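All remarks here apply to the structure that follows.
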Amino acid sequence: MLILTCPYCGVNAEETELHPGGEAHLARIGPNGTDEEFESYLFARKNAKGVHFERWRHAYGCGKWFLAARCTATLQVFGTYKAQTPHPPAQIVEAIRKVRPDWTPDWTPAEGIAE
């Protein structure tokens, strides 16, 4: 069973207490976006085997949305962080690289890592 720690209330919650919200860090498409961009936003997901960033809601707790980094193959959780964070915090990136040294983030270095 998947157990995630809510970064807001600090509760270690089983997945039955949470509600999944899909892939994290998606670029939202505004009203000026093309049909192709909107279609890609709605339907195209990475769905990678390995390191994945997801949105979760602490449904039977504080009710807040948060983000989690985990491995889809092993269910290992690297950490959770607040939903307003644009990129995973440095300690989560370090935790991922400790287990998977060949992993590279899919954001550019100019975007940086949240502290």
Can you pull the percent of region 68-110's accessible area that's carbon plus sulfur, 1.4 Å probe, other chains left in place? 53
In square angstrom, what is the accessible area per residue of region 3-99 with a 1.4 angstrom probe? 61
Between the modelled labels at residue 8 and residue 40 (7 Å from Cα along Cα→Cβ) the distance in nm is 3.1
With residue 6 itself left out, Lys, Arg at +1 and Asp, Glu at -1 over residues whose Cβ is under 15 Å from its Cβ give +1
Which of the aspartates and glutamates could be linked to residue 46 by a straight reach, that is with a Cα gap under 13 Å, when you skip same-chain ones fewer than 8 residues away? 23, 54, 106
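The values are calculated or read from the model by the stated rules, or taken from the named source; none is laboratory data. Quick caveat, the model's predicted, so the values are computed rather than measured. We place every Cβ from the backbone using ideal geometry, glycine too, and count neighbours over all the protein chains shown. We work out accessible area using only protein heavy atoms, side chains counted, and drop any ligands, DNA or RNA first. Shrake-Rupley method; radii C 1.70, N 1.55, O 1.52, S 1.80 Å.
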